[in-house]
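Structure first, commentary second.
The values are calculated or read from the model by the stated rules, or taken from the named source; none is laboratory data. Note that the coordinates shown come from a computational prediction; the quantities given were computed from them, not determined experimentally. When we count neighbours, we look across all protein chains shown, and the Cβ atoms used for this are built from the backbone with ideal geometry, even at glycine.
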Ligand SMILES: [Zn+2]
């Protein structure tokens, strides 16, 4: 029998690599047997980033006895050319809360201005506190290779916030919490030098994820970019690479890819 490229990828399975990427499928999100259900926190610069590029893994964790949380550093209030920022920010907040409810998750916000998200210790500790409060086992965020300054800022903020959250010597209102794993989510605006190393089968939550995204005022291209067509077709294309109907591509920090072996 002639094996196609797809056969190779499917046969490669969860423990091997396919085009350099690990395949993560059922029964849970990147879980080893015996692990507790995942608690996944998406930290995004703007609400749409959280739900469109990181929403499916969050939804999958919540659907598999875990928990999900969407933290947005701003309301993305300046995203419309026609709707005034305060009104648009309210619409984004409402959409996030409804979308999170649909995905059995929670939506929380910091109130930094869209387009002006700073990189300083104030915001890093604010995110640190949210991490200590939700206690995620996995954090998803932006890859740094973005043309959008808020996305670059979010990447840097989250990196240090995770570090602060895990240090017991840093006294905050809640005790230290170590995040087990970080992944950067594929986002059309963060594509520079993004290299997927993990594919996640999100087929079980594809429909509710799409319904949640459709609650956002920008989803159908209202602001000039067809998010719906892009993220739907990207989930199909990524699924083709790992033998799933729908999948998302994730990238790990380099240190997360280091393997510790006790035998060859
Ligand atoms: Zn954004």
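Okay, here's what the table says:
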| read-out | value |
| --- | --- |
| Among the candidates 111, 160, residue that is surrounded by fewer than 18 Cβ atoms within 10 Å (Cβ to Cβ) and under 18 Å from the mean Cα position of the chain (by Cα) | 160 |
| First in region 38-50 and assigned to a loop (DSSP other than H, G, I, E, B), second anywhere and within 9 Å of the ligand (Cβ to nearest atom) and at pLDDT below 95, Cβ under 6 Å, 6 or more apart | none |
| The one condition in (1) touching a residue at least 24 places away in the same chain (Cβ under 8 Å); (2) out of contact with any helix residue (DSSP H, G or I) (no Cβ under 7 Å at 6 or more places or on another chain); (3) over 19 Å from residue 62 (Cβ atoms) that residue 98 fails to fulfil | (3) |
| Residue in region 188-200 that is more than 23 Å from residue 103 (Cβ to Cβ), modelled with pLDDT of 95 or more and crowded, with 16+ Cβ neighbours inside 10 Å present | yes |
| Whichever residue in region 151-175 is within 16 Å of the ligand (Cβ to nearest atom) and touching a residue at least 24 places away in the same chain (Cβ under 8 Å) and, among such residues, is farthest from residue 132 (Cα to Cα) | 151 |
| Selection count where residues are in a helix (DSSP H, G or I) and touching a residue at least 12 places away in the same chain (Cβ under 8 Å), scope region 232-264 | 10 |
| Test: residue in region 96-104 that is surrounded by fewer than 21 Cβ atoms within 10 Å (Cβ to Cβ), within 17 Å of the chain's Cα centre (by Cα) and within 16 Å of the ligand (Cβ to nearest atom) | no |
